[in-house]
Structure formats: C-alpha cells, structure tokens
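The structure appears below as structure tokens.
The values are calculated or read from the model by the stated rules, or taken from the named source; none is laboratory data. All of these numbers come straight from a predicted model, not from anything done at the bench. Neighbour counts are summed over all protein chains in view; Cβ atoms, including those assigned to glycine, are modelled from backbone coordinates with ideal geometry. These area figures cover heavy atoms from the full protein model, side chains too; ligands, DNA and RNA do not enter into them. Shrake-Rupley method; radii C 1.70, N 1.55, O 1.52, S 1.80 Å.
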Amino acid sequence: FYAVGMMGTVLATNLIEFYLFFELMLIPSYFLIAQWGYGEREKISFMYFMWTHIGALSLLAGILSVGYLAGNFDLSAVAASVGGIAEIARVWIAVAMTVGLLVKMAAFGLHVWLPHAHAEAPTPISALLSPAMIGIGGYAMVRLVMTLLPSAYETISLSLAIWALVTMIYGGAMALVQDDIKRLLAYSSVSQMGYIMLGISSAYSMGVVGSMFHYVSHGTGKGILFMTAGAIILQTNGLRSIGRMGGLAAKMPITAIATIIGFMSILGAPPFNGFISEVLIFAGVFQAGILTSSTPRLVLGVLGLIATALTVGYALWTIRRVFFGPLPDHLSTVREPPLSVT
C-alpha cells in the first residue's frame, strides 16, 4: 500500500485523486514505523503522522479552493480555466499548496518529524521514506503549483529560493555534527531537499529538470546509503555510533564500496548522476538570475555553490570515520552481511 500510494500520486490526473494517494502513503508508513521501528517508535510514528497530515491539510485547502474556483478538479481542465481566478486568490492558493508540500519535503522549520522518523524507521522503510516519499513533494510542486498557477508561482519563487538555501545549509550543518549514522543520513535528506527546492525556485526549464533529476539521483544514492547503514547496524549488533566505528573497510569491503558510491552520488562527484543533476540545478539558478537581471538570485546561486562544501564535508568525514583508521577491538569479529542482505 505504501508503494501504491507513491505510484498513484505521480500518476494521478485529478486533484482529488492526487490527494487520496498522497494521504495513502502516510497510513501504511505510520504502521510500518510503529510496528517495526526502533526506539520510541510509537511516539515517533505518531509525531510523523501528525506533522505530515497537517501539511496534507494545507495542500487540501489549496486543492479545494482551486477546484471550486475553476469549477473542475481534473488537472487539464483546471489548467485551462485557472486564468479566470483573481491573482490574489491564486497567490494564496499557491502558498497553501507550497507550505503543505514543504512539510512533506521536510524544509527547514517544517522538518522536525524527519530526523526522528527516518532514524528510527526499519531500514527498508527508511530507504523508501528518504529517497522516494519526501521527494514527491518537489514533484508535486512542479506538477501542481508551477504548472497550474505559473504567475502566482513566480511571485513566491524568490522566497522559496531563500528557504531552499537555508534548508541546504541547516541540513548539511546538522549532518556534519551527528554521531548516529541513520540520523546523519536523515539530516542529509533535509539538505538534499534544499537542492531540489532551489532548482524548482528558478522557474526555468534547466533548473526544474535538474531538480527532478536530483530527485532520482538522491533516491538512488540515499537508498544505497540507508541500506548499507542497515547492514552495518546488523553486523555490529546494533551499533549506530560513528565515533565507535572505524576500519570496517577491511571487514566489509562490499559495504564500504557501496557506501562510497552512495556518498559520491549525493555530493555531486563526477561521473555519478548527482553531479549531472546539481550542474543542471545551478545552471538553472544562474540562468534565472542572469535573464531576469536579479542580483538576489545570483547571490543565492553563489551561496548555494558554497553550501555544497557541507555535503562534501559530512560525506568524506563519515567515510573516513566508519571505514578507515584503526579497527576497534569490539569490531574484530564483524563480517560482510549475507547475500540476502547484500
């Protein structure tokens, strides 16, 4: 049902249908965390449910408003008749939809649920939550807000770009100081959603294409990383503290190689797919700044490029601490996980 919810969301052609599938993602994932998660799983799953459901209600307010004013909930029909809606109403509808979707993306200030839910979810669910589910918020922003309400989207796009930059910096800085390996990856996802938001906020084709490709590249890279983190936790009898790891490349070479590939992808190292998506994102941001003669957009692009150093920092620092250096005595018996895990 969780996978069905995600598939239905991206295939929906009607606003009500979209919302139903959007909420369908939430229900099975809540029970998956509450039943098979770690730590205070019941409390964390409830917090996750409440945060994302409240965000969905903001989205629903925008959907019902635009559907009522346009006289139809079919996406193609709304796109054809939305021009008859007053501009101020379109802006407020765009804001309601965007805020709801930013909760799903765990943008800065609306991210409180994500580090807990992703860190304490079972590993296979973390590998779906972080790469696949939260990025759907970015996809929906392009398909609903940008496509249906283009003029209103242009009005709020600069504010979204600033929010994106803050999300990138905050998520990267928090990832850099984490000791729990799964919590580090969770904050990394917050930062990566900032990249997607930044590309979308450019409102130019190259930046938007880059953001959607980054959804895919982040999904592949972060999916690998959550699965390798789960393998490490499994083989070390539940150890999650990065500070107590080290030298695991000699004991788990396949896991080490997979982890390096995952981190190289999300930090945007060539020739991995994350490099291509980030190049497109920043090309779109600078294109928007140059073609509109917008100094703020150019400044945001430069600061965004500088912020990528945080991703490089926590990625390389984590690889160094987990897989290289002296092997602690309590990890001397660690072995590569069985083929069923690999």
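Would segment 199-219 turn up any residue that is within 19 Å of Thr123 (Cα to Cα), more than 12 Å from the chain's Cα centre (by Cα), open to solvent by 10 Å² or more (accessible area, probe 1.4 Å) and touching a residue at least 24 places away in the same chain (Cβ under 8 Å)? Scanning segment 199-219, I find no residue that is within 19 Å of Thr123 (Cα to Cα), more than 12 Å from the chain's Cα centre (by Cα), open to solvent by 10 Å² or more (accessible area, probe 1.4 Å) and touching a residue at least 24 places away in the same chain (Cβ under 8 Å), so the answer is no. When only residues in segment 221-274 that are surrounded by 18 or more Cβ atoms within 10 Å (Cβ to Cβ) and of a type in the set (Ser, Thr, Tyr) count, which is nearest to Ala119 (Cα to Cα)? Only one residue fits best here, namely Thr228. Say we look at segment 104-161 and pick out the residues that are within 22 Å of Val216 (Cβ to Cβ) and assigned to a loop (DSSP other than H, G, I, E, B); which of these is modelled with the highest pLDDT? The qualifying residue modelled with the highest pLDDT is Ala107. State yes or no: is Val112 open to solvent by 20 Å² or more (accessible area, probe 1.4 Å), of a type in the set (A, V, I, L, M, F, W, C) and more than 18 Å from Tyr187 (Cβ to Cβ)? It is false that Val112 is open to solvent by 20 Å² or more (accessible area, probe 1.4 Å), of a type in the set (A, V, I, L, M, F, W, C) and more than 18 Å from Tyr187 (Cβ to Cβ).
Can we say Ser45 is at pLDDT 90 or above, open to solvent by less than 30 Å² (accessible area, probe 1.4 Å), of a type in the set (Ser, Thr, Tyr) and in a helix (DSSP H, G or I)? The answer is yes for Ser45. Search segment 129-159 for residues being open to solvent by 10 Å² or more (accessible area, probe 1.4 Å), of a type in the set (A, V, I, L, M) and out of contact with any Phe, Trp or Tyr (no Cβ under 6 Å at 6 or more places or on another chain), and hand back the single one that is nearest to Ala86 (Cα to Cα). This residue is Ile156.
Is it true that Arg183 is open to solvent by 40 Å² or more (accessible area, probe 1.4 Å) and within 17 Å of Ala229 (Cβ to Cβ)? Yes. Exactly one residue out of Ala307, Ala269 is aliphatic (A, V, I, L, M), closer than 30 Å to Gly207 by Cα and not in a helix (DSSP H, G or I): that is Ala269. Test Gly172 against the stated conditions and say whether it is crowded, with 24+ Cβ neighbours inside 10 Å, within 12 Å of the chain's Cα centre (by Cα) and not aromatic (Phe, Trp, Tyr). In short, no. Residue count for segment 80-103 satisfying the condition of being of a type in the set (Gly, Ala, Ser), surrounded by fewer than 24 Cβ atoms within 10 Å (Cβ to Cβ) and at pLDDT 90 or above: 2. Evaluated against (1) modelled with pLDDT of 90 or more; (2) among the charged types (D, E, K, R); (3) under 21 Å from Tyr187 (Cβ atoms), Glu40 falls short on exactly one condition, (1).
I'd like to check something: does segment 9-23 contain any residue that is of a type outside the set (Lys, Arg) and closer than 28 Å to Ile233 by Cα? No. Of all residues in segment 275-304, those satisfying the criterion of being open to solvent by less than 50 Å² (accessible area, probe 1.4 Å), part of a helix (DSSP H, G or I) and over 22 Å from His218 (Cβ atoms) are Gly289, Arg297.
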